[in-house]
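Structure record follows, encoded as structure tokens.
A short reminder: the numbers here are calculations on the coordinates, not readings from a lab. Remember, it's a predicted structure, so these values are computed and weren't measured experimentally. Note that each Cβ is placed from the backbone with ideal geometry, even for glycine, and that neighbours are counted across all protein chains shown.
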Amino acid sequence: MKSKEIKRKVAEEGYIQAIIVFEVVGSPKEYVERALKNHLDKLKAEKGIEFIKEDIEKPEKQDNYWSTFAEVEMLVKGLEKFTWICMDFMPASVEIMAPEELSFKGRELTNWLNDLLAKNHEIGLLAQQLGQQNKLMVKNINALIRNTILICVDSKINNPKEIAERIGVSEKDLKSVFEAMIKEGKIKKDGKKYYRK
């Protein structure tokens, strides 16, 4: 797209010219490459978004994961669409190139702020749901571990090392579970071995 056409779209059609950086981190390398490509393809297909230029970096290995990013210069139709990109695609950074000043009516600002608040509420609700799911999962895993300890003890597997091997949890991590079960009166310790109380 030529510079003249970009300036016209910004001045006459209300487009925002911006450079937006999208980053993907994960593993394996192919996942990172595919995820970034899919991210950009979704944006390209979106009405009111026009790519001017895109530079995609090759993934780099960092510890146990891969990281890559794309720097995309684009035209975005209006502040609402621009906000949508920021909220739904979570770019690493944005830089508005043009226009130098944005003006909008109070109603547009109201709509923009309400969209922003709705997204924040959605994120808050999702975080709350994930927190609840996590608590439930921890509770259920804890119950499974406790029940497996009781099954081991009932099966004459009393040595903490053997119990840990059967469960697949380190003996060190099971120590607090053993202590809690003793306090609750579920098991007792005799020497280095555990028995049903």
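Just a few scattered comments:
- Amide H to amide H, with H built 1.01 Å from N, I52 comes under 5 Å of E73, M74, L75, counting only residues 5 or more places away or on other chains.
- Note on M97 and K47: the extension gain reaches 16.0 nm, defined as 0.36 nm multiplied by sequence separation minus the Cα-Cα distance.
- In order along segment 103-119, the phi-based Karplus estimate (6.51 cos²θ - 1.76 cosθ + 1.60, θ = phi - 60°) of 3J(HN,Hα) comes to 10, 7, 7, x, 5, 5, 5, 4, 4, 4, 5, 5, 4, 4, 5, 4, 5 Hz; Gly and Pro are listed as x.
- Charge tally in the Cβ shell below 12 Å around P91, where Lys, Arg are +1 and Asp, Glu are -1, P91 excluded: -4
- Length-normalised contact order of segment 139-196 in % [C-alpha pairs under 8 Å, at least 6 apart]: 36
- Summed side-chain charge close to E54 - residues other than E54 whose Cβ falls under 13 Å, Lys, Arg +1, Asp, Glu -1: -3
- Spacing of the two label points (7 Å from each Cα toward its C-beta) at Q132 and N159, in nm: 4.6
- In terms of distances greater than 28 angstrom between alpha carbons, the cross-link table entries K9/K61; K9/K42; K4/K29; K139/K172; K37/K61; K119/K139 yield K9/K61; K4/K29; K119/K139.
- Furthest towards positive pole of dipole, I141, M97, I49, structure part the chain, Cβ charges: I141
- Residue-span extension gain [E5 to N120] - 0.36 nm each, minus C-alpha spacing: 37.9 nm
- FRET efficiency, 1/(1 + (r/R0)^6) with R0 25 Å, evaluated for K193 and N142 via beta carbons: 0.65
- When +1 charges are put on Lys and Arg Cβ atoms and -1 charges on Asp and Glu Cβ atoms, the dipole computed for the chain relative to its Cα centre reaches about 1580 debye.
- Using a cutoff of 8 angstrom between alpha carbon atoms and counting only pairs six or more residues apart, the relative contact order for segment 37-127 works out to 21 percent.
- Under 5 Å from the amide H of M97 lie the amide H atoms of Q17, A18, I19, each residue being 5 or more positions distant or on a separate chain, with H modelled from the backbone and absent for Pro and chain starts.
- Extended-chain gain in nm, criterion 0.36 nm per residue less alpha-carbon gap, E184 and S170: 2.9 nm
- 0 to 90° range, to nearest 10: angle between helix 3-13 axis and the chain longest Cα axis: 80
- Dimensions (Å) - the chain, Cα atoms, principal axes, largest first: 85, 40, 23
- Each Cα pair under 8 Å and six or more residues apart adds its sequence gap; the mean of these over the residue count of the chain is a relative contact order of 19 percent.
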